[in-house]
Amino acid sequence: MASSSAAAIRLVFLHFLVISSLTSSAYEFPHGDRLAHKSASCNNNFQLVKLMMWVNDTKVESVVGLGAAFGALLPAHADNALRYPAAFANPLNCCSSSTSNLSNSIALSTRGDCAFTLKAEVAESGGASGLLVINDNEDLYKMVCSENDTSINITIPVVMIAKSTGETMKQLMLAGSQVELLLYSPNRPLVDISVIFLWLMAVGTIVCASLWSEFIASEQGHESYDQLAPKVSSAAESVKDDSAKEVFDINASGAVVFVIVASVFLMLLYFFMSAWFIWVLIVLFCIGGSEGMHACLVTVILRIFKSSGNKKVNLPCLGEVTVLSMVVLPFCLAFAIFWAANQHVSYAWVGQDVLGICLMITVLQMARLPNIKVASVLLSCAFVYDIFWVFVSPLIFNESVMIAVARGDNSGGEAIPMLLRIPRFFDPWGGYDMIGFGDILFPGLLVAFAFRYDRSSKKGTLNGYFLWLTIGYGIGLVLTYVGLYLMDGHGQPALLYLVPCTLGVIIVLGWLRGELKHLWDYGSSGSLSRDPLGEA
C-alpha cells in the first residue's frame, strides 16, 4: 500500500474516531425522575424486569421492561414468580374503569392521557395482578409519582415496556393466540468480568502503542534512535526521515480545530443518522482497520523473520512493495470484510476489537504530541467536548447527543463501529460494556509522549512519567465505571475522569520535580516534522 494513501486514510479516519468518547453499558434508559415526588409508597429503586412470554403454551424469547417507582417489587428468581395471562384494558389507556375482565391477569395499557399511578389504581381495582404500560417509543421511561400522589397504595407490580414489545403482544392477541407472562427482576452483578477485560484492552492498547516505536526501532537496528529529540543529521534528512515514518506533530491550533471538526461530525451523525450513514463509517472502519492490522502484522513478522522483508517487486502506481506486504494485505482485507458481513453474530465483537486495537496502535504511531502545552490544549478541549455532548446537550436537544449516537438511534439496528466492546458474561441482562476510541486515543497521545520524553531524558521507571501516567489512566477508567454504576448505567463521558488522571498527573509531577517548564516547552523549536493539522 502506498505510504501517502495510507497516511491519508488514517488522518481522515482519525476525525471519525474521536466522535465516540463515551463509556457505557447495556440497557440505558432516560432519567424521567428529575421532577419526581418521593414518598414512602413511591420510592422503589427502578428495576429492570424480564418478561418471559408463552404463546399458546409455547415459550418464546424473553423481553425487557422497567419497573415503576411505585407498586410491588418483583422477585429476583423466575421460580418465585407467577405466570398470568395477558389482557388489554378497555379503554386501552386504562384511565377509567375497564369493561374487559382483568381478574388474575396482567393488564396491558398504552402510555398517556392520565398519570401512571391512576392507570395502576384502575388496573388493580379491576382485579389485575400486574400492569404493563406500553411506551410510545423504544425507550424504557422511568414511571414516577407526581406531587398529587400523596396517598397511593398500589400493591401490584407496574412495568414499562417498549412500543415494539407491546405491538407484538397486540398482534398475537388479535390473531387469537393466548399470551401468558411471567415477570421477575434478576439481580445484576456489581462488577462483571467483562469490565476487567475491557480495562485490560484499553490500558494494554496504550502501553503497546507507546512501546511500539521502540519495538520497530530495535528491529531496524537503531538502538539509540530517539523519536522525540532533534536529529543530528541535516534538515533535509530529518524531513525525509519523518516522511518515511509518516509522523506528524499536533500543534495547539490544530488541536482546537481537531475537536471542532469532531463536534461537527458528531452533529452530522445525530441529525442524519441512518443505516446508510452508519455503513459509510463501517466501510471507513474496515479500510482503516485493515490498514492498521496490515502495519502491525508486517512489523511483528519482520521482527520474528528478519529476512522476510528483503524480497520486493515493482507494481504500477504503488512502486516498490515487499512480497510480505502483498501477502499480508489480502488477509487483512478479508478479515475486515468478514467482520463487516457478520457484525451481528455473537462473536463479531472479537473482530471489531482486533481491527480497532490495530488501528489505534497505528494512529498513535502517526500522530504525536510535542509537549505538554499542546497536550493541555488538546485534552482540555476534549474534556469540555465530552462533558458538553453527554451532560449539557440534553438541555438543548432534549437528549444526550453522544448517547443517542452511541446507541444508534434511527440507524436501522446498525451501530457505530468506533468502540471497543465486550459482552457482559455473567449479567442476566446481557448486553455489552463499551469504551469509545476517543477515550483511548486522547490520553494515549499523552502517555506515548511521556514514554518518548523518558527515553530522551534517560529517566528510569520510577523517576519518569510513563509508568505514573499509565497507572493514572487505569485509575481513571476505574473511576469511570464507578460513575457508571452510581448513575444507574447512564453513559459516562470517560474523559471527565481520564483527563485529570493523566494530564493532571504529569502536570503535578512535573511541578513537584521542577521539570514543568521543560515539559511545557519541550520541542517547541527546531521541530522538522510535517504537521497536516497546522503549521508548526
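Points to keep in mind about this one:
- Hits in the stretch 412-428 - residues which are touching a Ser or Thr at 6+ places or on another chain (Cβ under 9 Å) and hydrophobic (A, V, I, L, M, F, W, C): I416, M418, L419, L420, I422, F425, F426
- Cross-chain or 6+ apart pairs with Cβ under 6 Å, the stretch 444-467 first and touching a residue at least 24 places away in the same chain (Cβ under 8 Å), then open to solvent by less than 10 Å² (accessible area, probe 1.4 Å) and hydroxyl-bearing (S, T, Y): L446/T502; V447/S210; A448/S210; A450/Y465; F451/S210
- Residue that is nearest to A78 (Cα to Cα), among those in the stretch 48-68 that are in a strand (DSSP E or B) and among the charged types (D, E, K, R): K50
- Here is the figure for the stretch 112-134: residues that are crowded, with 23+ Cβ neighbours inside 10 Å and more than 22 Å from M52 (Cβ to Cβ) total 4.
- Residues (open to solvent by 10 Å² or more (accessible area, probe 1.4 Å) and not in a helix (DSSP H, G or I)) located in the stretch 364-381: R368, P370
- Filter result for G491 (closer than 14 Å to A375 by Cα and at pLDDT below 90): no
- D136 vs. criteria of a type in the set (D, E, K, R) and under 28 Å from G176 (Cβ atoms): yes
- Residues of the stretch 304-326 satisfying the condition of being part of a helix (DSSP H, G or I) and surrounded by 13 or more Cβ atoms within 10 Å (Cβ to Cβ): S308, G309, V323, L324, S325, M326
- Index of the failed condition, D427 passing every other in (1) more than 30 Å from N137 (Cβ to Cβ); (2) in contact with a Pro (Cβ under 8 Å, 6 or more places away or on another chain); (3) not aromatic (F, W, Y): (1)
- A Cβ distance below 8 Å, combined with a sequence gap of six or more or placement on separate chains, defines the contacts here; from the stretch 509-523, residues that are part of a loop (DSSP other than H, G, I, E, B) reach residues that are of a type in the set (A, V, I, L, M) in the pairs Y522/L228; Y522/I372; G523/L228.
- Residues of the stretch 173-182 that are more than 15 Å from I106 (Cα to Cα) and not hydroxyl-bearing (S, T, Y): L174, A175, G176.
- The single condition among (1) in a loop (DSSP other than H, G, I, E, B); (2) polar (S, T, N, Q); (3) buried (at least 21 other Cβ atoms within 10 Å of the Cβ) that S109 does not meet is (1).
- Exactly one residue out of N153, N137 is touching a residue at least 24 places away in the same chain (Cβ under 8 Å), loosely packed, with under 13 Cβ neighbours inside 10 Å, within 39 Å of the chain's Cα centre (by Cα) and over 18 Å from E61 (Cα atoms), and it is N137.
- Applying the condition of being open to solvent by 10 Å² or more (accessible area, probe 1.4 Å) and assigned to a helix (DSSP H, G or I) to the stretch 340-350 and asking which residue is nearest to L211 (Cα to Cα) yields V350.
- Each residue in the stretch 77-99 was checked for being free of Cβ contacts under 8 Å to residues at least 60 places away in the same chain, open to solvent by 40 Å² or more (accessible area, probe 1.4 Å) and in a loop (DSSP other than H, G, I, E, B), and 6 pass.
- Condition check for I301: modelled with pLDDT of 85 or more and surrounded by fewer than 18 Cβ atoms within 10 Å (Cβ to Cβ): yes
- Listed conditions (1) part of a helix (DSSP H, G or I); (2) open to solvent by 10 Å² or more (accessible area, probe 1.4 Å); (3) touching a Gly at 6+ places or on another chain (Cβ under 8 Å) are all met by I396, apart from (3).
- Residue in the stretch 402-422 that is in a helix (DSSP H, G or I), modelled with pLDDT of 85 or more and within 30 Å of V508 (Cβ to Cβ) present: no
- The residue pairs whose first member lies in the stretch 198-215 and is closer than 16 Å to D439 by Cβ and open to solvent by 60 Å² or more (accessible area, probe 1.4 Å), whose second member is of a type in the set (F, W, Y) and part of a helix (DSSP H, G or I), and whose beta carbons are closer than 9 Å, counting only pairs six or more residues apart or on different chains, are W199/Y481.
The values are calculated or read from the model by the stated rules, or taken from the named source; none is laboratory data. Only a predicted model underlies this, so the values are computations on that prediction, with no experimental measurement involved. Cβ sites come from the backbone with ideal geometry, for glycine too, and all protein chains shown count toward neighbours. Quick note on the areas: whole protein, heavy atoms, side chains included, nothing else; ligands and nucleic acids left out. Shrake-Rupley method; radii C 1.70, N 1.55, O 1.52, S 1.80 Å.
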